[in-house]
Amino acid sequence: LQYSVLAAALATGAAHAQNVVLYSSNNTETIETALDAVKKHAPKLNVQPVISFSGDLSLRVRAGELDAALAVKNAHKLPSGTQWTPLYTEPFVFIANRQAAGKADVASLMARRLFLRPSRDTHTGALIDAFVRRNHLKFGEYLENNSLRTMVELVHQDVGVTIVPLTRAAHWEED
């Protein structure tokens, strides 16, 4: 586990922390795994799962309220005096309802189906927007939403298509 490296460093004194916050925007399995790994290797560490914005957590680290935070990286510049260490990345995937898609290619699905896009006000939405522009992808109408789970469920109900990060806990290819 990627988190076991951090936890081992904390437990052996290679890194020093007393208050650590774990945040996971859409993936409860990831935060449970992180909690288990950190508590196993550093049982005396005060670990708090929270609901907060990643940017808020980095400011709390900078202010000294927290010693460390595990969070989704946001689009804003990190405050000076803080360090970002990537633990893993999630690739983007295009998702369409299997029955509705039939044998259509991705380009035609994008052109004729409603694009369920993550809100561009969020870090994920900004990343996907940049990906769409960089790759010159063309969509017809779109609907912005802040919930990846909701977008995937709407695809399952054949409301439209989407591009989202493939989270570790996702089993969408099985649907």
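Below are the figures for this structure:
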item	result
Heavy-atom accessible area ranking, 1.4 Å probe, most first, across Y88, Y142	Y142, Y88
Under 5 Å, built H, 5+ apart or other chain: amide partners of L70	V21, L22, Y23
Long-range HN-HN contacts of N146 with modeled amide H, under 5 Å	S119
³J(HN,Hα) computed for each position of segment 127-139 - Karplus, 6.51 cos²θ - 1.76 cosθ + 1.60, integer Hz, glycine/proline x	5, 5, 4, 5, 4, 4, 5, 4, 9, 6, 7, 10, 10
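The values are calculated or read from the model by the stated rules, or taken from the named source; none is laboratory data. These numbers were taken from a predicted model, which means no experiment stands behind them. Quick note on the areas: whole protein, heavy atoms, side chains included, nothing else; ligands and nucleic acids left out. Shrake-Rupley method; radii C 1.70, N 1.55, O 1.52, S 1.80 Å.
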